[in-house]
């Protein structure tokens with residue numbers, strides 16, 4: 001079990017002195033969903049040390065960032081209730097790192113290269129500093145040699161032809177000449193074993209490097225023992241100076257381009273994640289005008305909000321919004337056509353209060369400062385559930401509800417072969433289980449049981465949610481389904497039962513088959529009960 005030990009003594013030289021030390025301190029971060037109150041992340045006072053607090057916690061996250069609250073409530077509007085810091089740090093197992101904290105700093109106390117384990121956090125209210133120490137983090141030993149392994153040398157772990165030159169104080173340098181393409185690489189302190197001596201962009205996964213078009217240096221963090229690569233999409237050819245600084249866990253890339261260069265991705269952050277460290281990539285779109293155009297097709301939740309960033313890690317850098325101020329600006333995307341808006345370097349958000357969820361095509365032109373939004377929501381609904389294997393990705397007409405031409409308003413209908421005991425809900429668009437769902441109830445797993453109980457059809461409410469309809473007594477067969485989005489209802493119809501209008505008294509036929517009104521075959525009908533009688537001549541409701 002991994003432990004997270006926190007000992008904190010907090011003060012702020014940048015704020016008025018506290019009249020009394022808090023009774024306890026509270027950590028709010030990635031490990032508890034950024035929520036208070038919580039009994040699991042409380043720092044209790046340390047005996048004999050006024051203003052010093054400590055606590056031990058189980059942390060299972062692969063990342064670590066938090067703020068420290070002086071009260072047990074999450075009030076982000078009052079910055080005097082919590083402490084932030086000046087930015088993220090790298091932490092190694094053989095050295096402590098000190099950071100400044102303040103009520104006036106919005107950035108989280110964060111460890112960029114956190115791999116999980118035990119960490120001690122100490123903070124002093126009088127000096128306004130926090131010290132981080134984690135013996136379980138990878139240790140940065142003195143490295144004698146560093147090799148670049150990747151596309152420039154053929155991904156050969158035994159090939160040391162690109163050896164970096166060691167400078168002073170754990171710095172290594174090299175200059176590469178790279179053809180146009182997508183170079184990708186990481187570093188190793190030894191050859192011959194992929195799992196020994198790696199120095200990567202992270203423990204796993206590749207990181208796209210957004211170089212600066214003006215050829216100024218770009219610096220990123222490194223992860224000892226990590227096997228993540230640095231990737232350079234849309235590299236136009238040219239040279240690259242590389243400085244690897246192991247002491248400060250950073251690598252700096254300084255390019256000289258042979259052709260025009262646009263950074264390969266920008267990032268979208270919004271109500272679908274609100275995570276400045278994990279924005280949704282919006283990739284560069286080559287174009288004849290050679291403008292900085294980026295495009296993505298992605299699912300946006302109902303009532304979505306978003307803005308764009310040219311870099312991650314800092315809410316205050318590289319942001320683009322629809323207004324000069326930071327006010328959210330509402331827009332409506334037309335059912336057909338496009339919404340084109342101006343954009344500015346700001347932290348304002350595009351807001352879509354009327355958007356019902358689904359896929360959008362979003363195009364950002366940093367050259368002309370225009371953002372274009374286009375709805376890709378098909379005028380149809382999709383049945384997703386046990387009948388079609390819970391496939392949220394494949395568009396299949398077999399499981400699609402189309403607009404009912406005979407109905408007024410937004411009514412979608414279809415006939416489906418529904419198996420016994422089916423579970424399903426509907427979606428406005430495919431590709432994401434968490435976007436655009438229409439269900440029986442809001443919560444996933446909060447299902448509604450549907451039984452016909454002698455009626456040819458059942459009508460029930462529809463909500464913007466993920467609860468399913470379940471048919472435990474349905475015997476399998478065709479079912480007509482009609483979803484009315486104007487009235488937010490769905491009607492399930494048994495076509496066999498609903499098509500039989502004649503009710504007769506049985507004359508004692510022996511050849512027909514009998515079914516109850518739920519479609520279940522009955523081999524021994526009970527006299528006086530209502531059944532569906534099937535013969536070669538058709539199907540009829542009868543009283544046996």
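Each reported figure results from applying straightforward, stated rules to the coordinates on display, with no laboratory input. All of these numbers come straight from a predicted model, not from anything done at the bench. With ideal geometry, Cβ positions are generated from the backbone for all residues, glycine too; neighbour counts draw on all protein chains shown.
Between rounded, prolate and oblate, where does segment 322-446 land on the alpha carbon gyration tensor, with a ≥ b ≥ c its root eigenvalues, rounded for a/c under 1.5, else prolate if a/b exceeds b/c? Taking the square roots of the gyration eigenvalues as a ≥ b ≥ c, segment 322-446 is prolate. For the pair segment 64-87 and segment 295-321, the centres of their Cα atoms are 24 angstrom apart.
At 0.890 mPa s and 25 °C, plugging the Kirkwood radius over alpha-carbon pairs of segment 147-257 into Stokes-Einstein gives what diffusion coefficient in µm²/s? Rounded to a whole number, D works out at 177 µm²/s.
The distance linking segment 99-139 with segment 331-370 is 38 Å (Cα centroid to Cα centroid, whole angstrom). Anisotropy class assigned to segment 265-375 is rounded, per the alpha carbon gyration tensor with a/c under the 1.5 cut-off.
What number, rounded to the nearest 500 deg cm²/dmol, is the helix-based mean residue ellipticity at 222 nm of the chain, given -39500 (n - 2.57) per DSSP H run of at least four residues and division by all its residues?
Working: 1 runs with 5 residues, N = 544.
Taking each H run of at least 4 residues, the total per residue is 0 deg cm²/dmol.
For the ranges 455-466, 184-195, 259-270, what's the packing order if you count other beta-carbon atoms within 10 Å of each residue, average per peptide, and put the highest first?
Working: 455-466: 15.2, 184-195: 16.8, 259-270: 19.5.
Descending mean neighbour count gives 259-270, 184-195, 455-466.
Using only alpha carbon positions, build the gyration tensor of segment 381-494, then give the equivalent ellipsoid semi-axes as the square roots of 5 times its eigenvalues, largest first, whole angstrom.
Numbers: eigenvalues 67, 56, 42 Å².
In descending order, the three semi-axes are 18, 17, 14 Å.
Distance from the C-alpha centroid of segment 218-258 to that of segment 163-208: 8 Å, rounded to the whole angstrom. Under 15 Å from a label point set 7 Å out along the Cα-to-Cβ vector of residue 433, the amide N atoms of segment 371-408 belong to 384-394.
Per-residue Cβ neighbour counts within 10 Å put 83, 147 in the sequence 147, 83, beginning with the fewest. Where both bridge residues fall in the chain, DSSP classifies roughly 90% of the beta bridges as antiparallel.
Considering the convex hull of the alpha carbon atoms of the chain, report its projected area averaged over all viewing directions, in nm², one decimal. Walk me through the numbers on the way to the answer.
Working: hull surface 142.7 nm².
With the hull built on Cα positions only, its mean projection is 35.7 nm².
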